[in-house]
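Asker: Quick one: the structure is below, and I'll ask about it shortly.
Quick note: the coordinates plus some simple rules give every number you see, no bench work behind them. On a predicted model such as this, the values are computed, not experimentally measured, just so you know. All Cβ positions, even for glycine, are placed from backbone atoms using ideal geometry, and neighbour counts span all protein chains on display.
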Amino acid sequence: MATSARLRDRRVQLARRATASKAVRGSLVSVAGLVGGPVINQAGDDVGRVVDVVARLYGSDPYPPVTGLVVRVGRRRAFLQVDAVEQVNAGRVRLRTARMDLREYERRPGEVLLARDVLDHQLVDVDGVQVTRAADLYLAPLADRIVLVGVDVSLPTLLRRLGPRRWQVRPTPERVLDWQSVAPFAEHATEGPAEVHLRGTRATLHQLRPADLADVLEDLGRAERQQLLAWLEPGHAADALEEMEPGELENLLREAGPVYAAQMLGEMEPDEAVDALRDLGAGERTSLLDQMSPAQATGLRELLARPEDTAGGAMTTRLVTAVREHTVAEVRGLLAEQAEHRTEIDAVAVVDTDGRLIADIPLFHLTVAEDTSTMGDVVDWLAQFGTQVVVGPDTPIDEVADHLLASRASSLLVVDENESPLGRMLADDILDALLPERGRRHFRRFLQ
């Protein structure tokens, strides 16, 4: 039922898009064809040539309104308010007034030049979950305004622009994406990331799976990648970073700068953050660790100090622990608080008052237990099935794999000499460590 509702909502969303309207599709005006075209006054005289189209790309409107044109008049590049425009046709603009401000155009905050800043630049096709380029942009009248409604990403359209101008003026759109289905990048769009108003497409980026978002980040250029990261919450960005190829992640962390890179690393799972830090130089590691909170930095330094081919060097320190007196309902509450780390938690460690391990309880057994049952009750019930396997921090990864296979578990606890839990070795992390040549983060992506 939930899937059917999502599909129904999706169909409604697609139907509401401007490019779904035959009237809009029939009135598309190519930005590429408009640039260089004549600007005609009321008498039909040619008064200038279109240089670019100005729009407010990142406002609250689902389709960015055109605010004016940059027009070349003699040697000047003047700004023509959209209110002065009577009609925008294929390849030409007709004015409703003879008055023009001939001062040299200066870009104002929030203004985007569509031909200069968006055309031929990278953007994210959110529906198709891929990075592509804008071969052309399309304007159309909508609600008494001229707005940007679509983008053509086809190769034939790009080739068409290399041909005679008559092909450009009256194009045959090939593959047009509705503007609401793309996330564009324009360096002059805002005065800063904090002032960006996320449109529906940007919000959709937050709904992408981390693995898909990782693919997008890997395909983007440096400037576009940094702009996309600025749109994301650090936690969401960290989830995607965990899925990136090591080399790409290394480059991204260097590009982001120490402060933001440290913030993202702090949001990553400890074992993933340590892997990323190991790929950097000693000086870079120190710089990033110095930007973190003392508790975060200490935890990561302890993991870095252990050999990476041992359980202690590859484990995650993300644990949920309980005591015998906790009820199952209370432990479920603890798990709910860790929902964002659900991929790292598949069991709950029950410890005594001194912190020593009593039992490791798989989550399945908590789902079938009564809310009022205590963890002691669950431990006693599981005791009939024999002892549970744990490993020490110095255990080589291949031995950990043998223990995992023999126990038929999905993870193993790592304990110190006092039997106190230090961390957990997950099955996919063991695979990553044993087959590093395959790229460790691709295993999680494959297993999703």
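Asker: If I fit a long axis through the Cα atoms of helix 2-15 and take the longest principal axis of the Cα atoms of the chain, what angle between them do I get, 0 to 90°, rounded to 10?
Answerer: That helix lies at roughly 10 degrees to the long axis.
Asker: What does the charge count near Met292 come to, summing +1 for each Lys or Arg and -1 for each Asp or Glu among other residues with Cβ under 12 Å from its Cβ? Mind showing how you got there, number by number?
Answerer: Values: positive: Arg285, Arg301; negative: Glu267, Asp290.
With Lys, Arg at +1 and Asp, Glu at -1, the neighbours total 0.
Asker: Place a point 7 Å from the Cα of Asp352 along the Cα-to-Cβ direction; which residues of region 407-433 have their backbone N under 16 Å from it?
Answerer: Hits in region 407-433 for Asp352 at 16 Å: 416-421.
Asker: Percentage of Cα-Cα pair distances in region 208-305 greater than 16 Å, rounded to whole percent? Don't jump to the answer; show the numbers that get you there.
Answerer: Details: 2328 of 4753 pairs.
Within region 208-305, distances greater than 16 Å cover 49 percent of Cα pairs.
Asker: Turning to a different aspect of this structure: Place the peptides 279-285, 151-157 in order of packing, highest mean first, counting for every residue the other Cβ atoms within 10 Å and averaging per peptide. Spell out each step's value before the answer.
Answerer: On the way: 279-285: 12.7, 151-157: 19.6.
Top of the packing list down: 151-157, 279-285.
Asker: Counting only C-alpha contacts under 8 Å and six or more residues apart, can you give the relative contact order of the chain as a whole percent? Don't skip to the end; give the middle numbers.
Answerer: Working: 769 pairs, mean separation 46.6, N = 448.
So the answer I get is 10 percent.
Asker: Compute the acute angle (0 to 90°) between the alpha-carbon long axis of helix 258-267 and the principal axis of greatest extent of the alpha-carbon atoms of the chain; round to the nearest 10°.
Answerer: Here the helix axis deviates by roughly 50 degrees.
Asker: Still on this structure, please answer the following. Quick one: which residues, 5+ away or cross-chain, put their amide H under 5 Å from the amide H of Gly150? H built at 1.01 Å from N.
Answerer: Tyr138, Trp179
Asker: Now for a different question. Output the relative contact order of region 208-305, whole-number percent, from Cα pairs under 8 angstrom with separation of 6+ residues.
Answerer: Contact order relative to length: 26 percent.
Asker: Now, a different point. With only Lys, Arg, Asp and Glu charged, each at its Cβ (+1 for the first two, -1 for the last two), find how big the charge dipole of the chain is about the Cα centre; round to the nearest 20 debye. Don't jump to the answer; show the numbers that get you there.
Answerer: Values: 52 positive and 71 negative charges, 889 e Å.
Here the chain has a charge dipole of around 4260 debye.
Asker: OK, next. At 7 Å along the Cα-to-beta-carbon direction for both Ser287 and Asn251, put a label point, then send me their distance in nm to one decimal.
Answerer: My value for the distance between the label points is 1.8 nm.
Asker: Would you mind giving the three semi-axes, in whole Å and largest first, of the ellipsoid equivalent to the chain according to its Cα gyration tensor? Write down the numbers at each step before the final one.
Answerer: Values: eigenvalues 651, 104, 65 Å².
Calculated on Cα positions only, the semi-axes equal 57, 23, 18 Å.
Asker: Counting helices only, and only those DSSP H runs with n ≥ 4, report the 222 nm mean residue ellipticity of the chain as the sum of -39,500 (n - 2.57) divided by its residues, in deg cm²/dmol to the nearest 500. Show your work: numbers first, answer last.
Answerer: Values: 21 runs with 173 residues, N = 448.
Theoretical 222 nm ellipticity from helices: -10500 deg cm²/dmol.
Asker: How far is helix 246-256 tilted off the main Cα axis of the chain, in degrees rounded to 10, range 0 to 90?
Answerer: Value to nearest ten degrees: 60.
Asker: Would you kindly state how much longer the chain becomes between Leu405 and Glu370 on full extension, computed as 0.36 nm times their sequence separation minus their alpha carbon distance, in nm to one decimal? Can you show the working numbers first?
Answerer: Working: separation 35, 0.36 × 35 = 12.60 nm, distance 3.00 nm.
Length gained, Leu405 through Glu370: 9.6 nm.
Asker: A further question follows. In sequence order, what are the phi-derived ³J(HN,Hα) couplings for region 107-124 according to the Karplus relation 6.51 cos²θ - 1.76 cosθ + 1.60 with θ = phi - 60°, rounded to whole Hz, with x for glycine and proline?
Answerer: The phi angles translate into 5, 9, x, x, 7, 10, 8, 4, 6, 7, 9, 10, 4, 6, 9, 6, 8, 9 Hz.
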